[in-house]
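Working notes, beginning with the structure itself.
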Amino acid sequence: MAEWQKISAHAIKARGVFRVALAGGSTPRSLYEHLASPEINKQIDWDHTQIYFGDERCVPPDHADSNYRMVNETLFSNVSVPSDHIHPMFDPAFDAVENAKRYNSLVSAFDAFDLILLGMGEDGHTASLFPGTFILNETREKVAAQYVEKLSAWRISITFPVINAARHVIILVAGENKAKVLAEIASNDGDKLSYPIQRIVPTGNLDWCLDRSAAKLLPETIK
Ligand code: 6PG
């Protein structure tokens, strides 16, 4: 991913460190595998990279649903990023709220992420910012815990203030099941914030990275 390399090189040159928050779910798997490939891996300055998570399920790090496990399998176990540069979001020794507090302190130690990778669900959620949940209106904390009724599960997530303060945000969307929501978002006049992802209005750069299936209902003019 050329953007990762460009953004990270600029951040390291400017501030001596590249801070990135990774997306969970299944879409980013192939990106993480690509970053771990021999020809790309050796071009990345892992020693000056700090890796965080944008959200996490409240399960142990070896659980099938864990975003940490997915990234560990696809990326961490195949590159030489120093272990203390990896910041898991959920420690099973603490509950969701305590984990969120700890991560909030961690993320509050610096001004902004250089890059935040996000996905999008069929309901227009991003990170663990789901429709109809209180966390959508969190303006003070940078990280919060949220019980998600539709999942019957706790989640931890960065909040919109953190996302919108990032220098770069890249939203990765793949699959025909996302096409309808994307088309609605692209067509609406912007004042109807029907979906959480529409609240992403970063002061920095925002790029959408779509596959053909997800983009199939979009007007030709914006493809
Ligand atoms: C998570 C993600 C979530 C994800 C979307 C899309 O922890 O599940 O952070 O926001 O990006 O649900 O998931 P897929 O990539 O699996 O479609």
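Points to keep in mind about this one:
- For the chain, calculated [θ]222 nm from helices alone, where every DSSP H run of n ≥ 4 adds -39500 (n - 2.57): -7500 deg cm²/dmol
- The chain - accessible surface per residue (Å², probe 1.4 Å): 48 Å²
- When each of 13/42; 150/216; 142/192; 6/42; 150/178; 180/216 is checked by Cα-Cα distance, pairs over 20 Å: 150/216; 142/192
- Per-residue surface analysis assigns residue 62 an accessible area of about 110 Å², computed on protein heavy atoms at 1.4 Å probe radius.
- Measuring with a 1.4 angstrom probe and ignoring ligands and nucleic acids, residue 154 comes out at about 110 Å² accessible.
- Here r is the Cβ-Cβ distance between residue 17 and residue 77 and R0 is 22 Å; the resulting FRET efficiency, rounded to 0.05, is 0.45.
- For peptides 15-22, 215-222, sequence by mean Cβ density within 10 Å, most packed first: 15-22, 215-222
- Point-to-point label distance, residue 1-residue 213, nm (Cα→Cβ direction, 7 Å offset): 1.9 nm
- Rough spin-label spacing in nm, given labels placed 7 Å along Cα→Cβ, for residue 151 and residue 187: 2.9 nm
- Carbon and sulfur %, accessible surface of the chain computed with the full protein complex present, 1.4 Å: 51 percent
The values are calculated or read from the model by the stated rules, or taken from the named source; none is laboratory data. From a predicted model like this one, the values you see are computed outputs, not experimental measurements. We place every Cβ from the backbone using ideal geometry, glycine too, and count neighbours over all the protein chains shown. Just the protein is used for accessible areas: all its heavy atoms, side chains included, with ligands, DNA and RNA removed. Shrake-Rupley method; radii C 1.70, N 1.55, O 1.52, S 1.80 Å.
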